[in-house]
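The values are calculated or read from the model by the stated rules, or taken from the named source; none is laboratory data. The model shown is predicted, which means the values in this text are computed figures rather than measured ones. No Cβ is skipped: glycine too gets one built from the backbone with ideal geometry, and neighbour counts run over all protein chains shown. The protein model used for the area step is the full one, side chains on, heavy atoms only, and it has no ligands, DNA or RNA in it. Shrake-Rupley method; radii C 1.70, N 1.55, O 1.52, S 1.80 Å.
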Amino acid sequence: MTSHILAAFADIFQPMSFAFLFVGSALGLLVGVLPGLSSPMALAILIPITFGMEPFSAFMILIGIYVGTKTGGAFAAILIRTPGTPAAAATAMEGFPMAQRGEAGRALAISIGSSFLGGTVSWMVAVPLVGVIGLYAVRISSADLAMIGLMALAAVSSLSGRDLLKGLMSSCLGLILATVGLDELTGTPRLTLGYYQMLGGIPFLAAIVGLFAIATVLVDMSEEAVNAKPPTNRGRFNLISLMRELWSMRKQLAVGTTIGSILGVVPGVGSDTAGWLSFAYVKRQIEKGFLKSDRKIGEGVPQGLAAPEAANNAVTGGATIPMLTLGIPGDGSTAIMLGALMLFGLQPGPLFFHESPDMAYGILIALGVANLTTLLAAVLLIRPFTAVLRIDRSMLLGSVLILALAGSFASTNNTFEMMIALSFGVLGYLMHRFGFSIPAVALGLILGPVIESNFRRALMISRGDAMVFLTSPISLICIILLTLLAGKLLYDFVSKSKTQSETQNNQPTNK
Amino acid sequence: MRHALIQELLVLTAILAISVLVFLQTSSIMDAGGSQVASGTFPRLAAGTMGVLAILRMLMFVAKLRTAKSPAEKARTFDGMYDWNWGNMHRIVAATVLMVLYIFLFRLVPFAPLTFTFIFLVFLSFGVRPWKRLLISTVLSSGFLTILFVYIVGIVR
C-alpha cells in the first residue's frame, strides 16, 4: 500500500498532472463562486471534454473541481449572502454580517483557511481507513454488495429530498431507467421502446448532463434573478493574522472537521447538513457561554464561519471511503465521478484497488493534494473570481445550456444523445418542481446495474434460495436498517391516520 | 389550493401509470433467464415499489389535508408549492423549444459558429437589457465560446 501511495504522489506531482489538478481546482472555485452553478453540473459538463484525455489526467481535473467547488461556494455566501453551492448555506449566516461591517477580506481568508484545514485533516484520516477497508472489501459477497447498494440508495433518497416518499420514488425511477437496454445476463432487450439506440442502455453522460446541467438552468430561469453585487471595500488581512486566528478557533475547526468526516461516510447526508450541524454547535456554545464572543450569533462571529467551512470540506475525505472501497456514491458529485470511471472502462468497487491500483491510489491521493491546489488557486485568483459575481446571469445560463448540449453530442458524435440530455433536463425540471430528488435518480442510474447484477448473481449461486441475504452479517444489518426505514414510513402513516380520527372525533363536541 | 391538490394527484397518478407500463412492457420477458433471474424481475420489483410508494403518498397527502384545521395549515401541506412562480413558465417553454431547434441545427452543421451565435442571441434576449449591450455581449461571448469549445474538443479528440 505504501509503495502505491508514494507512486501516486510521484504521479500527481508531475508538472502536467499538477497543472491539471490546479486547473480543476480553479474551475471548481469559479463554479462554486457562481450561485446556481453546482459541482455536479460542472462535472457533468466537463466529462465530455475530458473524455478523450488519459483517464488519470481527466480525473485530476474532475477531482480539482469536486474539491474546489466546496471552497468556492463560500465566496458568494460571504459577499452577497447567496451561497454559491448548497453546502455554503451555513457559511452565509456569519460570513455576510462580517462582510457588511467591512471585514470581507478577513471572512474570505478564514473560509479559505478553514476549508483547507478541514479537507486536509479529513483526508489524512481517510487514507489509512480506505487502505484497511479496501483490504476487507474484497471479501464482500454479491448478496452483501446488493444490499449495501440498496441501503445506500435508500439513505440518499430519504435524506436528500424534501419528502421521504418522493425521494424513494425517485430512486425507484432511477433503478427502472438503469434496466433499460440489453440485459447483461440474458441478452434480452428491456424497456427500449423500440429504439435501437437504447439497446446499450440510457446514455449515462447525456442523462447526467440533462439532470444536473439543463434542469438546473431551467429551474434558475424560472426563478427571479438575484441582483446582489459584492461589496467593493473588503479590508486587508495578512497570513500571520489568519494563522493566529485559525489557531484561536482550533476547537471549532476540530469539531467541524470531525462532523464533516463522519457525515461524509454516510450516503445522502452531504456537505450542507455537515455545515449546518457545525454551525448549530458554535451557536449552542455561544448561547451556553462556553465560547466567549463580543458579538451575538448572526452578527458575524468568525467561529460560526470557520466551523461550517471546515465541515463541508471535510465531507470530501469521508465520502472517499465508500466511493473508492465499495463503489457507493454519497451524493450527486461522487455519483458522477463513479459514472466517469465506468465511462473510462474502470470498475469502481471492492476490487478497484486490486485491479487498477494506479488509478485508485491516484484518486485517493489527488483528493488530498486538491486541497493544496485549491488553496493556491483561491489565494492567487480570489480577486478575479469574486469579480465574476458581477456578470449577468442570463449570459452564464446561456453558456451552460450550449456547453451542456454540445458536450452531450461530443461524447459520441450523435444527436440522439442531445435529445436524451434535453429529455432528462425537462424531467429533472419537473422533478424539482414537484419536490422529487434528482440526486436519487442519478444514484439509481449508477447503482442500478450494481444492485441488479449482484442480486441476481447471489440468487444464482444459492440456486434461488433467498435466505442467502439473511445468512451474511453485512447483508443482514442492511436488511434490518431497510426494515427500520420501512417501519418509520408506516409509523408516520399510522400516526397521521390516528391524528385524523382524533380530530374528526373532537369536531362534534367543539360544535 | 385546489390546483395544487390536482397537480399533486396528477403527478402521483403519472407515477402509477409508469409502474403499470413497466409491468406491461416486461410481461413478455418474464420467462427469459429462468425463474430466479428473469430479465423482467428487477424492473418489476422497482416499478412495484414505486407504485406502492405513490399510493402511500396519495393516502398520506389526503390524510394530511383532512386533518388540517385551518386554511393556513392546509396550505402547509403542499410543501411550499405556492412559492413557485408560474409566471415564468414561458421562459421554460421557450428555452425547451430553442434547445430542440438547436439540436436540429446541430444535426445539419455541427459546431457551426453561426448556430452558436444565433442560439446565444435568443437565449440572452430573455434576460439581458438594453439591446445594445445584449448584441455586443452576444457576439463576443458566442464567438469566444465557439472557439474555446472547438479548440478543446479538437485537442482532446
- Note on the structure: Checked the stretch A:116-141 for anything modelled with pLDDT of 85 or more and not hydrophobic (A, V, I, L, M, F, W, C); matches are A:Gly118, A:Gly119, A:Thr120, A:Ser122
- Task: For residues that are open to solvent by 10 Å² or more (accessible area, probe 1.4 Å), free of Cβ contacts under 8 Å to residues at least 24 places away in the same chain and closer than 22 Å to A:Thr188 by Cβ, scanning just the stretch B:36-55, find the one that is nearest to the chain's Cα centre (by Cα).
- Result: B:Thr49
- Message: Against the condition modelled with pLDDT of 85 or more, crowded, with 24+ Cβ neighbours inside 10 Å and either touching a helix residue (DSSP H, G or I) at 6+ places or on another chain (Cβ under 6 Å) or among the aliphatic types (A, V, I, L, M) (or both), how does A:Gly425 come out, does it pass?
- Response: yes
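Quick grid of which residues meet (1) in contact (Cβ under 8 Å) with a residue 60 or more places away in the chain; (2) buried (at least 24 other Cβ atoms within 10 Å of the Cβ); (3) assigned to a helix (DSSP H, G or I); (4) within 14 Å of another protein chain (Cβ to nearest Cβ):
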| residue | (1), (2), (3), (4) |
| --- | --- |
| A:Leu29 | yes, yes, yes, no |
| A:Pro40 | yes, yes, yes, no |
| A:Met53 | no, no, no, yes |
| A:Ala58 | yes, no, yes, yes |
| A:Lys70 | yes, yes, yes, no |
| A:Ala76 | yes, yes, yes, no |
| A:Gly95 | yes, yes, yes, no |
| A:Ala99 | yes, yes, yes, no |
- Query: Of all residues in the stretch B:1-16, which are more than 10 Å from every other protein chain (Cβ to nearest Cβ), at pLDDT 85 or above and over 11 Å from B:Met50 (Cα atoms)?
  - Reply: B:Thr13
- Filtering the stretch B:17-47 down to residues that are outside any helix (DSSP H, G or I) and modelled with pLDDT of 70 or more, which residue is nearest to the other protein chains (Cβ to nearest Cβ)? B:Ser39
- Residue ranges of helices (runs of 4 or more DSSP H) in the stretch A:238-297 with at least 1 members of a type in the set (S, T, N, Q) and under 22 Å from the mean Cα position of the chain (by Cα): A:250-265, A:270-288
- Query: What do you reckon, is A:Leu177 more than 7 Å from every other protein chain (Cβ to nearest Cβ), open to solvent by 20 Å² or more (accessible area, probe 1.4 Å), at pLDDT 85 or above and outside any loop (DSSP other than H, G, I, E, B)?
  - Reply: yes
- Item | Matching residues in the stretch B:48-100 - criterion: being of a type in the set (Val, Ile, Thr), at pLDDT 75 or above and assigned by TED's automatic domain parsing to the domain that holds B:Thr26 | B:Thr49, B:Val52, B:Ile55, B:Val62
- Task: Give the stretch A:308-346 a look and list any residue that's β-branched (Val, Ile, Thr) and open to solvent by less than 10 Å² (accessible area, probe 1.4 Å), or say none.
- Result: A:Val315, A:Thr316, A:Thr320, A:Thr325, A:Ile328, A:Thr334, A:Ile336
- Item | Condition check for A:Asp183: facing chain B (nearest Cβ under 9 Å) and open to solvent by 10 Å² or more (accessible area, probe 1.4 Å) | no
- Message: Suppose we keep only residues that are in contact (Cβ under 8 Å) with a residue 12 or more places away in the chain and open to solvent by 40 Å² or more (accessible area, probe 1.4 Å) within the stretch A:278-294. Which one would you say is nearest to A:Ser114 (Cα to Cα)?
- Response: A:Tyr281
- Can we say A:Leu164 is open to solvent by 30 Å² or more (accessible area, probe 1.4 Å) and within 14 Å of chain B (Cβ to nearest Cβ)? yes
- Go through the residues of the stretch A:412-421 one by one and say whether even a single one is assigned to a helix (DSSP H, G or I), of a type outside the set (Phe, Trp, Tyr), in contact with an Asp or Glu (Cβ under 9 Å, 6 or more places away or on another chain) and crowded, with 19+ Cβ neighbours inside 10 Å. no
- Message: I'd like the residue in the stretch A:470-491 that is open to solvent by less than 40 Å² (accessible area, probe 1.4 Å) and more than 16 Å from A:Ala152 (Cα to Cα) and, out of all such residues, is nearest to the chain's Cα centre (by Cα).
- Response: A:Leu489
- Pick from A:Lys292, A:Lys229, A:Lys288, A:Lys251: which is more than 14 Å from chain B (Cβ to nearest Cβ), modelled with pLDDT of 80 or more and out of contact with any Pro (no Cβ under 8 Å at 6 or more places or on another chain)? A:Lys251
- Message: If I ask for residues that are open to solvent by less than 10 Å² (accessible area, probe 1.4 Å) and either out of contact with any Leu (no Cβ under 7 Å at 6 or more places or on another chain) or of a type in the set (A, V, I, L, M, F, W, C) (or both), which ones from the stretch A:101-117 would you list?
- Response: A:Ala104, A:Ala107, A:Leu108, A:Ile110, A:Ser115
